[in-house]
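Read the structure below first, then the notes.
The values are calculated or read from the model by the stated rules, or taken from the named source; none is laboratory data. Computed from a prediction, not measured in an experiment: that's the story for all the values here. Don't worry about glycine lacking a Cβ; one is built from the backbone with ideal geometry, like all the others, and counts go over all protein chains shown.
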């Protein structure tokens, strides 16, 4: 029943989406507003139908209707309700359904928000969104059908992958990532629509920026949530392993970051229009490529991906998207060539250009490392894998360059350079960097890499603080407000600039957290009998006991470890090892004591079946929590950048004097 | 819209004589960028060639002549589901690494990474002696770690730990 209903819903959504896409393109081309209106209604209908299909799937999951193959694959009667509901995205077919749902949600939002926009570009944009929807609905109704019916339904299923039902974060991390990943379709569609209709106007570019920011915010938060999940669940004491699944998300994020920066040059200096639009197209293509990479089985082996039809279909779609977008960009490139030119090498726009270069280079590096094993296996039949040191080795120098630019960029003026003034402004930051390095050396911190990075962080922080101070000063000249009144007004008057600073601050915290935890962590591994202790970095860990805790879906063996530091008890941690029925390898749940300065991370690697001893691995990782906090700030920065900017008069916008130098609101 | 563009295009063509002088910063920047790109390309090339982990599969190893089976080898394959045996007193892990054709028993004295589990791809480094592979390092292949296993790949036995 459920499978029939679901299948009918997705099939009708497919036909309506296809019809809507044709109506939008044709209506836009022939200036037929009735056709466009029909296409928009199709967009809303598709949203309703896919939402209903998701509802059917969740119902089937919750009702344990094992006649639906997907439920039989990922559901089980023992799985708690929460994990049953979120197993909607636990495996391939369900995640494609969920993907389709999010895309239709975005489509409906675009239709509703811009219902007053009767332009050709908007008609085409909705058409593009419906075309992408059609592709996913096609996959859903054919090779990736989540609603396949089983003639002989089993009485119970295996439940979702234990790793996916081991942490509540699984309810948050995938939706965030999907919202970001799929969200890239919107700026892509808006860009394609505007390009198909002609030369994207300024307001159209602002719209693209806005949606790119939405996707970027979700991607940033999703990546951080994923790192948190990896840290809290996988039990290896780390949060990033350059796994292809991680790289697949990182690449579109990097390219979108480049887009957000290059768009500023476009809007400010009328340069780089083609390049900017290419970046947003590239981000979308990479998101489809990432889906292909993680969902086609190509990672397990190049030869396994042809076993299911999904791989070739995705590859075909990817090729088509790339071909069409490149074609459109090439056809329009003559019209797009922007009037602005670079006036000086030492200017903010060249800092942005270098930022773009480095971000794209980093993306290509990650791409190379991710696909090289696949290419090698496909072309020469050689089996190989690319080690994580490759990524570290290339990514770290690029990150250093990006950090440096983050400090220098906001200090540099737009347009012509005033080298003396700029170098004057960099004296204090350089001194701050030196001071920070000296302080850290005195504090016992060693290692060239970490010291260099910490120094750079101090440099960027000081340079940014200097910029804010100058903004504040020039505002106060006009208004004579005290700083605590001036600062909020300054922020409110320039939300985009300060949103950027906030995101940069988040990145600085991320860099500090990653550097410290990667460079100065310690670990120890011991097999402890009950009552025995081990020490690590000043912590004394005593195994107090082992307790079995049978739960509905698993058997949990908890080790209670008392933690003390220089004689004083610090509490108790209970890492566990979980056995799931039908899965031989147990899943470990680490226990982490999170603190601002350092985390204590305990993992049970093995346990005696008669509960006499455990093999305990302990890590001490400094400043890990800074990563989560920094990631949150990056997301907050993106949200702040979405706040509407007060309209400026064109004359003001073009002035060299920054806007904030003027008294915006004169105090009475 | 197109009319706006054409007016914006016009100053550019008028300003063409000036372009010779304004093109130079762009050229200089482009040169600088090219240098950076070459440096990064070299870095990537170096990084890639130093960090490629080549390995042979169990079938390849078994078809080799005994003389070619000696020395330090890298063996890659899939951990046969359910084949792991962990001896905690001796800190020794035994498992079977397989490819579609053959499987080889691997003895490891090093602790495998926590991601190591049934069915995952792994690369081990060590020596092959008397039909067994003695590993001095165990690498988990960066592969479908988080991807849900397909149902066919799940071991069938219903095994809880019982006290």
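Okay, residues lined up against (1) in contact (Cβ under 8 Å) with a residue 40 or more places away in the chain; (2) touching a strand residue (DSSP E or B) at 6+ places or on another chain (Cβ under 6 Å); (3) surrounded by fewer than 17 Cβ atoms within 10 Å (Cβ to Cβ); (4) outside any helix (DSSP H, G or I):
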| site | (1), (2), (3), (4) |
| --- | --- |
| A:351 | yes, no, no, no |
| A:402 | yes, no, no, no |
| A:409 | yes, no, no, no |
| A:416 | yes, no, yes, yes |
| A:420 | no, no, yes, no |
| A:440 | no, no, no, no |
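Do we have residue B:101 as in contact with a helix residue (DSSP H, G or I) (Cβ under 6 Å, 6 or more places away or on another chain), modelled with pLDDT of 80 or more, farther than 30 Å from residue A:154 by Cβ and not in a helix (DSSP H, G or I) here? Judged against the criteria, residue B:101 is not a match. Look at (1) crowded, with 24+ Cβ neighbours inside 10 Å; (2) in a helix (DSSP H, G or I); (3) over 18 Å from the mean Cα position of the chain (by Cα); (4) within 13 Å of chain B (Cβ to nearest Cβ) and you find that residue A:203 fails only one, number (1). Note on the stretch A:558-575: residues that are touching a residue at least 24 places away in the same chain (Cβ under 8 Å) and either surrounded by fewer than 22 Cβ atoms within 10 Å (Cβ to Cβ) or more than 19 Å from residue A:614 (Cα to Cα) (or both) total 7. Of the residues making up the stretch A:574-587, at least one is under 33 Å from the mean Cα position of the chain (by Cα), away from chain B (no Cβ under 14 Å) and not in a strand (DSSP E or B). Within the stretch A:175-193, restricting attention to residues that are over 14 Å from residue A:252 (Cα atoms) and modelled with pLDDT under 95, the residue that is surrounded by the most Cβ atoms within 10 Å (Cβ to Cβ) is A:176. One residue stands out in the stretch A:609-634 among those that are touching a residue at least 40 places away in the same chain (Cβ under 8 Å) and farther than 26 Å from residue A:221 by Cα: the one that is nearest to the other protein chains (Cβ to nearest Cβ), namely A:615. Being modelled with pLDDT of 75 or more and within 11 Å of chain A (Cβ to nearest Cβ) is the filter here; which residues of the stretch B:86-98 pass it? Within the stretch B:86-98, B:93, B:95 qualify.
Looking at the structure I just gave you, is residue A:342 buried (at least 20 other Cβ atoms within 10 Å of the Cβ), in contact (Cβ under 8 Å) with a residue 60 or more places away in the chain and not in a helix (DSSP H, G or I)? Yes, satisfied. Scan the stretch A:422-438 for residues that are touching a helix residue (DSSP H, G or I) at 6+ places or on another chain (Cβ under 9 Å), assigned to a helix (DSSP H, G or I) and farther than 18 Å from residue A:520 by Cα and the total you get is 10. How many residues are more than 11 Å from chain B (Cβ to nearest Cβ) and outside any strand (DSSP E or B) if we restrict to the stretch A:554-573? Qualifying residue count, the stretch A:554-573: 2. If you go through the stretch B:110-140 and pick out every residue that is assigned to a loop (DSSP other than H, G, I, E, B) and either at pLDDT 75 or above or outside the structural domain of residue B:66 (by TED's automatic domain parsing) (or both), you end up with 2.
Across the stretch A:59-70, the number of residues qualifying as free of Cβ contacts under 8 Å to residues at least 60 places away in the same chain and in contact with a strand residue (DSSP E or B) (Cβ under 7 Å, 6 or more places away or on another chain) comes to 1. Of the residues making up the stretch B:70-85, those that are within 11 Å of another protein chain (Cβ to nearest Cβ), touching a strand residue (DSSP E or B) at 6+ places or on another chain (Cβ under 7 Å) and in contact (Cβ under 8 Å) with a residue 40 or more places away in the chain number 6. Candidates are the residues of the stretch A:65-80 that are surrounded by fewer than 22 Cβ atoms within 10 Å (Cβ to Cβ) and touching a helix residue (DSSP H, G or I) at 6+ places or on another chain (Cβ under 7 Å); the one that is nearest to the other protein chains (Cβ to nearest Cβ) is A:66.
Per the conditions (1) more than 11 Å from every other protein chain (Cβ to nearest Cβ); (2) crowded, with 17+ Cβ neighbours inside 10 Å, the sole criterion not satisfied by residue A:445 is (2). Which one of A:453, A:508, A:439, A:502 is within 28 Å of the chain's Cα centre (by Cα) and over 30 Å from residue A:210 (Cβ atoms)? Of A:453, A:508, A:439, A:502, the one residue that is within 28 Å of the chain's Cα centre (by Cα) and over 30 Å from residue A:210 (Cβ atoms) is A:453. Is it the case that residue A:541 is within 14 Å of another protein chain (Cβ to nearest Cβ), part of a strand (DSSP E or B), within 30 Å of residue A:569 (Cα to Cα) and in contact with a strand residue (DSSP E or B) (Cβ under 7 Å, 6 or more places away or on another chain)? Spelling it out, it is not the case that residue A:541 is within 14 Å of another protein chain (Cβ to nearest Cβ), part of a strand (DSSP E or B), within 30 Å of residue A:569 (Cα to Cα) and in contact with a strand residue (DSSP E or B) (Cβ under 7 Å, 6 or more places away or on another chain). Scanning the stretch A:520-538 for residues that are closer than 28 Å to residue A:437 by Cα and surrounded by 16 or more Cβ atoms within 10 Å (Cβ to Cβ) turns up A:520, A:521, A:536, A:537.
Each residue in the stretch B:25-57 was checked for being assigned to a helix (DSSP H, G or I) and facing another protein chain (nearest Cβ under 7 Å), and 13 of them qualify.
So that you can scan it fast, the table gives a plain yes or no per residue for (1) modelled with pLDDT of 95 or more; (2) crowded, with 16+ Cβ neighbours inside 10 Å:
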position	(1), (2)
A:3	no, yes
A:19	yes, yes
A:27	yes, yes
A:33	no, no
A:38	yes, yes
A:45	yes, yes
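I want to confirm something. Restricting to the stretch A:293-317 and keeping residues that are surrounded by fewer than 20 Cβ atoms within 10 Å (Cβ to Cβ), part of a helix (DSSP H, G or I) and touching a helix residue (DSSP H, G or I) at 6+ places or on another chain (Cβ under 9 Å), which single residue is modelled with the highest pLDDT? Here the residue is A:317. In contact with a strand residue (DSSP E or B) (Cβ under 7 Å, 6 or more places away or on another chain) and away from every other protein chain (no Cβ under 14 Å): does that describe residue A:597? Yes; evaluated as a whole, the condition is true for this residue.
Does the stretch A:387-396 contain any residue that is over 23 Å from residue A:282 (Cα atoms), touching a helix residue (DSSP H, G or I) at 6+ places or on another chain (Cβ under 8 Å) and part of a loop (DSSP other than H, G, I, E, B)? Yes, the conditions are met somewhere in the stretch A:387-396.
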